[in-house]
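Beneath this line is the structure, given in structure tokens, with notes to follow.
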Amino acid sequence: MSRLCSSRFERAARKLGWTRIAGIDEAGRGALFGPVVAAAVILNPKRRIVGLDDSKKLTAERRVELRQRICEHALAWSVAEIDAQRIDAWNIYQASRQAMTAALERLRISPDYLLIDAMQLDVLIEQKSLIKGDARSISIAAASILAKTHRDARMEEWDAVYPQYGLARHKGYATADHLEALRLHGPTPLHRYSFAAVRDSGCWAVGAKQTPLPIF
């Protein structure tokens with residue numbers, strides 16, 4: 001069996017009469033900093049993209065290569081963000097759903113069938129939720145690649161604003177050096193204060209008295 005995910009779910013949907021099949025996935029759900037990002041992709045069944053797989057299994061360079069191919073060959077694609085403040089207000093699960101819905105609404109072609117990674121959306125479109133969908137469906141894999149590369153690029157941008165946190169290295173996740181930076185410097189306005197690792201960081205009380213770091 002191939003290591004890569006397949007198009008079997010897309011083929012099954014087409015046999016039932018669906019023609020505009022969108023894969024949807026998110027990136028950054030478990031991060032401590034920045035937005036959760038979702039992407040939606042309607043692949044062209046006549047333009048095969050070799051190598052699509054769960055973005056977590058691919059190198060950063062390979063993800064960038066595949067992103068370009070997806071953007072060039074897909075029938076439609078879109079990306080949406082939900083920022084840290086709204087994550088704190090809603091919780092990460094609801095924020096992820098909102099990001100996915102926003103990405104869906106931004107597609108220039110309206111899909112008639114959705115393949116979603118482990119989620120159900122409140123939309124009037126036939127849909128199938130797949131556990132580990134980014135490793136099983138090429139449409140969801142394509143969405144995972146777009147979401148991941150978009151979010152990684154955003155972390156590179158914010159690394160220049162907050163260089164003391166090492167965002168370009170860990171992309172906002174709870175690595176040892178990120179947790180140490182939180183302990184030393186406290187959270188920025190773009191950290192997710194509802195997450196325990198941020199809320200309980202050793203510099204919380206100090207950070208609350210400090211002038212907030214700027215948002216650009």
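Picking from A153, A168, A147, which residue would you name as being free of Cβ contacts under 8 Å to residues at least 12 places away in the same chain and either within 30 Å of E72 (Cβ to Cβ) or not in a loop (DSSP other than H, G, I, E, B) (or both)?
Exactly one of A153, A168, A147 is free of Cβ contacts under 8 Å to residues at least 12 places away in the same chain and either within 30 Å of E72 (Cβ to Cβ) or not in a loop (DSSP other than H, G, I, E, B) (or both), namely A153.
For the structure I just gave you, tell me whether S96 is of a type in the set (S, T, Y), under 15 Å from the mean Cα position of the chain (by Cα), surrounded by 14 or more Cβ atoms within 10 Å (Cβ to Cβ) and assigned to a strand (DSSP E or B).
So S96 fails the test.
Just the residues that are of a type in the set (D, E, K, R) and either closer than 14 Å to V64 by Cβ or under 22 Å from the mean Cα position of the chain (by Cα) (or both), please, taken from segment 141-186.
K148, R151, D152, R154, E156, E157, D159, R169, K171
Which of the residues spanning segment 187-216 are small (G, A, S), more than 22 Å from the chain's Cα centre (by Cα) and either surrounded by fewer than 17 Cβ atoms within 10 Å (Cβ to Cβ) or at pLDDT 95 or above (or both)? Spell out the reasoning first.
At the first step, the residues of segment 187-216 found to be small (G, A, S) are 194, 196-197, 201-202, 205, 207-208.
Keeping just the survivors that are more than 22 Å from the chain's Cα centre (by Cα) gives 201-202, 205, 207-208.
Those that are small (G, A, S), more than 22 Å from the chain's Cα centre (by Cα) and either surrounded by fewer than 17 Cβ atoms within 10 Å (Cβ to Cβ) or at pLDDT 95 or above (or both): G202, A205, A208.
Would you mind telling me which numbered condition in (1) modelled with pLDDT under 95; (2) within 27 Å of L190 (Cβ to Cβ); (3) surrounded by 14 or more Cβ atoms within 10 Å (Cβ to Cβ) K56 fails?
Unmet condition: (3).
What do you reckon, is Q164 exposed (fewer than 14 other Cβ atoms within 10 Å of the Cβ), of a type in the set (S, T, N, Q) and modelled with pLDDT under 95?
no
Name the residue, out of G28, G23, that is over 9 Å from the mean Cα position of the chain (by Cα) and closer than 30 Å to D88 by Cβ.
Working: G28 fails: over 9 Å from the mean Cα position of the chain (by Cα).
After ruling out the rest, the residue left standing is G23.
Can you name the number of the only condition in (1) under 30 Å from T188 (Cβ atoms); (2) assigned to a helix (DSSP H, G or I); (3) at pLDDT 95 or above that L66 fails?
Among (1) under 30 Å from T188 (Cβ atoms); (2) assigned to a helix (DSSP H, G or I); (3) at pLDDT 95 or above, the lone unmet condition for L66 is (1).
With the structure loaded, tell me whether A12 is in a helix (DSSP H, G or I), modelled with pLDDT of 95 or more and surrounded by 24 or more Cβ atoms within 10 Å (Cβ to Cβ) or whether it fails that test.
no
Which ones in segment 153-173 are in contact with a strand residue (DSSP E or B) (Cβ under 8 Å, 6 or more places away or on another chain) and farther than 19 Å from P187 by Cα?
none
Does A80 fit the bill of being at pLDDT 95 or above and within 13 Å of the chain's Cα centre (by Cα)?
yes
The values are calculated or read from the model by the stated rules, or taken from the named source; none is laboratory data. It should be emphasised that the depicted structure is a prediction, and the values quoted were computed from it without experimental measurement. Cβ: placed from backbone, ideal geometry, glycine included. Neighbour counts: every protein chain shown.
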